[in-house]
Amino acid sequence: MASNTDPPVPVPDYRPVERFWPYVDLPEQPSDEELAALSPELSEALFGTPPLPFSVTLDFPAFEGPEYARAIEMARASAEYREIGTGDRLRHRARFYPHDAVRLRALFELVGRFDATEVLIDDRPVPYARELWLPLIWFLIR
């Protein structure tokens, strides 16, 4: 055997079955529920920017008080509602479109007093979202 040649590799007499996998029933494509649960950043990275209309999202934590149940009810009535995290890290995310400006303002009046409440414009934190963007949305209220 020469010094530069590869050593001989034994070839098996049989070929292993490629079908053996403990999770045979897993679909190759994600379900609609799995796609809806993706974070907006991951969804944009995987599939590009979807053609969505302008939206304002309120992201607020759980809080103590009688208004919490009402805030959750109002958030669930939004165009899109998601719960993120569990326990003390639970956050509620409610998306509103411009034609829902009245419901957006009603929910913001309940949860806007908390510093942990975030206002996202098209799912992104932007400067002056509370001070500039929300008052511009209030102009849409007739």
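Descriptive notes on the structure:
- Cross-chain or 6+ apart pairs with Cβ under 9 Å, the stretch 37-53 first and hydrophobic (A, V, I, L, M, F, W, C), then assigned to a helix (DSSP H, G or I): 38/46; 38/47; 47/35
- The single condition among (1) farther than 27 Å from residue 42 by Cβ; (2) without any contact (Cβ under 8 Å) to a residue 40 or more places away in the chain that residue 84 does not meet is (1).
- Members of the stretch 33-70 that are part of a strand (DSSP E or B) and under 14 Å from the mean Cα position of the chain (by Cα): 56, 57, 58, 59, 60
- If you go through the stretch 94-142 and keep only what is of a type in the set (Lys, Arg) and either modelled with pLDDT of 90 or more or assigned to a helix (DSSP H, G or I) (or both), you end up with 95, 103, 105, 113, 130.
The values are calculated or read from the model by the stated rules, or taken from the named source; none is laboratory data. Treat the numbers as computed from the prediction; the structure is a model and nothing was measured. Glycine gets a Cβ as well: all are built from the backbone with ideal geometry, and neighbour counts include every protein chain shown.
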